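Here's the structure, in C-alpha cells; my notes come after.
FYI, it's all coordinate maths here, none of it is from the lab. Predicted model only: the values in this text are computed from it and were never measured. Reconstructed Cβ throughout: ideal geometry from the backbone, glycine too, with neighbour counts over all protein chains shown.
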C-alpha cells in the first residue's frame, strides 16, 4: 500500500475543534448519514480528514450554542459542590460515596461512567451549560442531559455495586486461570502430554465433580475448572485418576463434611 493511499482519520471531537463547531453537530450528521464515520476500538468515532474539506457548519445568523467555557477553577468548584449535593439527598450519606468521588476525580479511567455522572451534576450545580458540559466530557448533549436527570446518590450507589461485581468477577477469573495453569503444570510433570485444544469443558456433573475430588483436587480447583474450563483430554485424565479411588486428603475432607 502506498503512502498516498493511507487514509488519515481524525477523532470526531478534534474535527469539531477544527471546524469551530460543537461535536454534537458532527454527531447529528453522522447519525443521519451525511458524514461517514468509523468507530474505534474504545467506542470513539473517527472521520477521514478528506471528508472535512468543504464542510460548512451552522446557519447564517444563528449563533452556535457553545456555552460558557469551563475553566479549571470551575471544574474544581464543581467537585466541591458534590459534597453538598450528597448531603442534600441523604443526610446519612456514608464515606464510601466521598471516597469513590475522590478516586474517580484523580483517575477518571477507573470508572468513566461514574466520572461522567459526578461531573455532570457538579458542573450543573455551578451553572455550566449543557453544551459546555458535553464538550468538556466529550459526550453528547443528549447523554449529558440524561445523566443530569438521574438521582445522583441512588445512581452512584448502583454504579458502585456494578463496579464491585465486575471487579470480583475479574479477580475470580484471574484466580481460576492461575489454578488451571498449576494443574496443567502438574499433569505435564507427571508425564501427561499437553493437549490444549480449542474445546473446553466448563459444566461439570455431580459425578464428575466427585471424581475430581477423588483425584485430589480441592474445592477451589474444581470451581476453577468450572470457570476457566479444561480440555477434554485433561479432564478425562483427572477423572481416570479419580476412578482409582479417593486420595487420603479427599477422603478426609468428605468424612469431615458428613459430620
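In terms of its alpha-carbon gyration tensor, the stretch 72-150 comes out prolate; a/c meets the 1.5 threshold, and the first ratio a/b outweighs b/c.
Legend: ranking of residues 165, 70, 91, 160 from fewest to most surrounding C-beta atoms inside 10 Å; resulting order 91, 165, 160, 70.
Note on residue 177/residue 99: beta-carbon distance plugged into 1/(1 + (r/R0)^6) with R0 of 25 Å gives a FRET efficiency of 0.25. FRET efficiency for the residue 90 to residue 42 pair, using the beta carbon distance and R₀ = 41 Å, is estimated at 0.75.
Full extension from residue 170 to residue 8: what is 0.36 nm times the residue separation minus their Cα-Cα distance, to one decimal in nm?
My answer for the length gained is 54.7 nm.
Taking packing as the residue-averaged number of other Cβ atoms within 10 angstrom, the listed peptides 178-186, 210-218 run from highest to lowest as 210-218, 178-186. Sorting 42, 167 by the number of Cβ atoms found within 10 Å of their own Cβ, with the fewest placed first, yields 42, 167.
Calculated FRET efficiency, residue 146 and residue 190, Cβ-Cβ r, R0 41 Å, to nearest 0.05? E between residue 146 and residue 190, to the nearest 0.05, is 0.10.
With 0.36 nm allotted per residue and the present C-alpha distance subtracted, the residue 220-residue 161 stretch has 18.8 nm of extension available.
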